[in-house]
Amino acid sequence: MKKSNKYFRLGVILGMFLLVLAACSSDQSEPAEEPGESEESGGEVAFQEAIDTYQNSCISCHGTDLQGGAGPDLREVGANLSQDEIETVIRDGRGIMPGYASQFSQDQIVELAEWLASKN
Ligand code: HEC
């Protein structure tokens, strides 16, 4: 009887030890998450509509990043052409490039030209 009592007390001590351990480890809560900061792709946002138009109508020839393809590289087009000249190319087309006067509104053409003219 005395012997089993001793083992019982050992068990209780061991159990308490484990409880303390468990309490400590569960205390390591996850670091609180930072409040979400929405990322802004600064600068380009103003021309979002022009970028959308470009993606719908121009990437097939001028590439996803203006890098060119069937059409010339437009990454520095603003260094070669004025906004007016770019508007004319978009409106009337040039060589194998079609004109977009009948597809785009005047505003769309102007915004697209303004955006491209800023590439230099
Ligand atoms: C069918 C293919 C094609 C499509 C679609 C196309 N282009 Fe072009 N683009 C060309 C080609 C080819 C040239 C060069 C024309 C030439 O000088 O003979 C060109 C030239 C240009 C130029 C003048 C570049 C320079 O350095 O002189 C601009 C600006 C331009 N494209 C903008 C656009 C925009 C904006 C769109 C969409 C609205 C567009 N292009 C759609 C083929 C295309």
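Read the figures in this text as sums done on the coordinates, not as results from a lab. Bear in mind the structure is a predicted one, so any value in this text is a computation, not a measurement. FYI the Cβ positions are ideal-geometry reconstructions off the backbone, even for glycines, and counts take in every protein chain you see.
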Out of the GluC sites (Glu not before Pro) in region 57-94, which ones are loop residues according to DSSP with at most 14 other C-beta atoms within 10 Å? GLU76
In order over region 55-61: 3J(HN,Hα) from phi, Karplus 6.51/-1.76/1.60, θ = phi - 60°, whole Hz, x for each Gly or Pro, gives 5, 6, 10, 10, 5, 4, 10
At 25 °C and 0.890 mPa s, what whole-number value in µm²/s does Stokes-Einstein give for the translational diffusion of region 46-117, with Rh from the Kirkwood sum over Cα pairs? 206
What distance in nm lies between label points placed 7 Å from Cα along the C-beta direction at ASP65 and LYS119? 1.2
Global form of region 62-103, assessed from the alpha-carbon gyration tensor, a/c cut-off 1.5: oblate
